[in-house]
Amino acid sequence: MAPITSIADLQALARRRVPKMFYEYADTGSWTQETYRDNEAAFKRQKLRQRVAVNINNRSLATTMIGEPVTMPVALSPVGLTGMQHADGEILAAQAAEKFGVPYTLTTMSVCSIEDVTEHTSKPFWFQLYVMRDRGFSESLMQRAHNANCSALCLTLDLQVLGQRHRDIKNGLSTPPKPTLPVLLDLALKPRWCWNMLQTKRRQFGNIHGHVKGVENMASLAEWTASQFDPTLDWSSVEWVKKHWNRKLILKGINDVEDAKIAAEIGADAIIVSNHGGRQLDGAQASYDVLKEIVDAVGDKIEVHMDGGIRSGQDVFKAMAMGAKGTYIGRSYIYGLGAMGRPGVTTALEIIRKELDITMGLCGETDINKVGRHNLVL
């Protein structure tokens, strides 16, 4: 096998090793996928200022995100069904992130539960919350996250209704996979994935299964989950979450200046400029394209992070130079996980770190905390 030198290499390997329905769940966007593609294209449109004859010895990528020290300004995004990219995927990703010194964010819709990840890690991680119609269940999730010593809650605001995800429908997405003929034929070509899955008992939504009365099998679990995303979610819901969570609060899914201003006023610790990786409103602005306007509007009032389209350390550099205080990768580490498990996640992080370090040096900078718009061609 040729050396792995980029996230694209991990992506190609994951495509060969992960069943189609789960690979495409992570790798596609909603409807026409315009926003999904534009998230990456926005970074490509941004040019950098190359500087020379500058002492770039002793470069440092270390900084903080919501007051927590990180080895570089990158966190692992919450990704649904991570445990279907690779057996015990959430545990493996959390372990890789912990060893690397960056935050890991566990999603509500994970295969491994909060307790599973806690049992297999030694440092606090972050937890992403969907506010469900069943507010009692949402409250219990926050309590479980608190008991697990999660240091931050990441509240997702842009999934009141599910986006038009055509590939998931065409592929018959389910966990575990339904034994239809096309699925069985696909699995037959993924022996490594199947073997790893046979070694684990974790194949359902771990945070839900066994924690909701009346949800006893896959049919009832699927029905309950589909009915729980709450279209009434509004800013009063955020206030409700704040009353039940006394640690750091991050609001994810901010893609408009007016919403950013409300988020800053409501007293959150950070916002994530995000369009859900292009999986919700197709036709929305790319995250990077709206980042500057949001930073200018609220960057002095609240910590601004971003996700969407980050496939390299150079993308991280551009986001930081535009004013973000932290970035998140989803697909980039998911490709690594699907390709090689925990070592693949570590490889993805190493690739991004190397690219970020080299880019910073060639732009004449030695401290990630001092990069800025002077490094960009605007």
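The values are calculated or read from the model by the stated rules, or taken from the named source; none is laboratory data. Source: prediction; values computed, not measured. Cβ sites come from the backbone with ideal geometry, for glycine too, and all protein chains shown count toward neighbours. Please note that ligands, DNA and RNA were not included when accessible areas were found on the heavy atoms of the full protein model with its side chains. Shrake-Rupley method; radii C 1.70, N 1.55, O 1.52, S 1.80 Å.
Considering Lys20, Lys99, which residue is within 24 Å of Lys248 (Cβ to Cβ), basic (Lys, Arg) and touching a residue at least 12 places away in the same chain (Cβ under 8 Å)?
Lys99
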- Query: Among (1) in contact with a Lys or Arg (Cβ under 7 Å, 6 or more places away or on another chain); (2) open to solvent by 30 Å² or more (accessible area, probe 1.4 Å), which single condition is Ile114 missing?
  - Reply: (2)
- Matching residues, segment 227-243, being closer than 18 Å to Leu153 by Cα and out of contact with any strand residue (DSSP E or B) (no Cβ under 9 Å at 6 or more places or on another chain): Leu233, Asp234, Trp235, Ser236, Glu239, Trp240, Lys243
- Looking only at helices (runs of 4 or more DSSP H) that fall completely inside segment 19-110, which ones have 1 or more residues that are in contact with an Asp or Glu (Cβ under 8 Å, 6 or more places away or on another chain) and β-branched (Val, Ile, Thr)? 34-45, 89-100
- Query: If you check Leu249 against the conditions, is it part of a strand (DSSP E or B), buried (at least 17 other Cβ atoms within 10 Å of the Cβ), modelled with pLDDT of 95 or more and at negative phi?
  - Reply: yes
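One line per residue, one yes/no per condition, for (1) surrounded by 21 or more Cβ atoms within 10 Å (Cβ to Cβ); (2) over 22 Å from His120 (Cα atoms); (3) modelled with pLDDT under 95:
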{"residue": "Met320", "(1), (2), (3)": "yes, yes, no"}
{"residue": "Tyr333", "(1), (2), (3)": "yes, no, no"}
{"residue": "Pro343", "(1), (2), (3)": "no, no, no"}
{"residue": "Arg353", "(1), (2), (3)": "no, yes, no"}
{"residue": "Thr359", "(1), (2), (3)": "yes, yes, no"}
{"residue": "Gly364", "(1), (2), (3)": "no, yes, no"}
{"residue": "Arg373", "(1), (2), (3)": "no, yes, no"}
- Task: State all residues of segment 227-264 that are among the aliphatic types (A, V, I, L, M) and within 23 Å of Gly277 (Cβ to Cβ); if no residue qualifies, say none.
- Result: Leu233, Val238, Val241, Leu249, Ile250, Leu251, Ile254, Val257, Ala260, Ile262, Ala263
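Just need a number here: residues in segment 280-314 that are under 14 Å from Glu40 (Cβ atoms) and either open to solvent by 20 Å² or more (accessible area, probe 1.4 Å) or hydroxyl-bearing (Ser, Thr, Tyr) (or both).
Residues flagged as under 14 Å from Glu40 (Cβ atoms) and either open to solvent by 20 Å² or more (accessible area, probe 1.4 Å) or hydroxyl-bearing (Ser, Thr, Tyr) (or both) within segment 280-314 amount to 7.
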- Starting from segment 364-376, take each residue that is on the phi < 0 side of the Ramachandran plot and list its partners that are assigned to a strand (DSSP E or B) and open to solvent by 30 Å² or more (accessible area, probe 1.4 Å), counting only C-beta distances under 8 angstrom and pairs at least six apart or across chains. Thr366/Ser60; Asp367/Ser60; Ile368/Ser60; Asn375/Leu48; Leu376/Leu48
- Candidate set from segment 123-173 (those that are of a type in the set (S, T, N, Q) and assigned to a loop (DSSP other than H, G, I, E, B)); member that is surrounded by the fewest Cβ atoms within 10 Å (Cβ to Cβ): Asn149
- Item | Identity of the residue in segment 174-204, closer than 30 Å to Ser122 by Cα, in contact with a Lys or Arg (Cβ under 9 Å, 6 or more places away or on another chain) and part of a loop (DSSP other than H, G, I, E, B), that ends up least open to solvent (accessible area, probe 1.4 Å) | Thr175
- Query: Considering segment 252-267 alone, what residues qualify as being in a strand (DSSP E or B) and either open to solvent by 10 Å² or more (accessible area, probe 1.4 Å) or basic (Lys, Arg) (or both)?
  - Reply: Lys252, Gly253
- Exception for Ile266 within (1) more than 16 Å from Gln46 (Cβ to Cβ); (2) under 20 Å from the mean Cα position of the chain (by Cα); (3) of a type outside the set (D, E, K, R) falls at (2)
- Message: Return the pair list, or none, for Cβ contacts closer than 7 Å from residues in segment 24-51 that are of a type in the set (Val, Ile, Thr) to residues that are surrounded by fewer than 16 Cβ atoms within 10 Å (Cβ to Cβ) and assigned to a loop (DSSP other than H, G, I, E, B), at least 6 apart or on different chains.
- Response: Thr35/Gly283
- Message: Consider segment 21-49. How many of its residues are open to solvent by 30 Å² or more (accessible area, probe 1.4 Å), within 20 Å of the chain's Cα centre (by Cα) and among the charged types (D, E, K, R)?
- Response: 5
